[in-house]
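Some notes on the structure that comes next.
Read the figures in this text as sums done on the coordinates, not as results from a lab. Everything numeric here is computed off the predicted structure, so don't read it as measured data.
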Amino acid sequence: MLFRSPGRLWADGDPVLALANASAYLEAVGHVVIAWMWLEQVLALPPEGTGDAFHAGKRQAARYFFAVELPRTGPQFDLLESRDRTTLDMRPDWF
């Protein structure tokens, strides 16, 4: 599922909380951008069943990305939506 309300990250104006899970945000949004790029490539291919092995390989790589990689963004967006504070609540003396 895509992030339902990206403005929620900055809702209270606290940049520390908004950036607490920045790596999850970067990875999830990056995957969405790559999925869009794969979609554009597949749409530019000749109809399925025509073309050569290169075209078939492009289609298969896109299928993999949409089936395996893109679904991983759901939990990442859920984490962002929850505004989880786990990383912020850690104290140095607990290491």
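When the Cα gyration tensor is reduced to axis lengths a ≥ b ≥ c, the ratio a/c is 1.5 or higher for the chain, and with a/b above b/c it is classed as prolate.
With angles folded into 0 to 90 degrees, how steeply does helix 22-44 sit against the dominant principal axis of the chain? Use alpha carbons for both and round to 10. The angle comes out at about 10 degrees.
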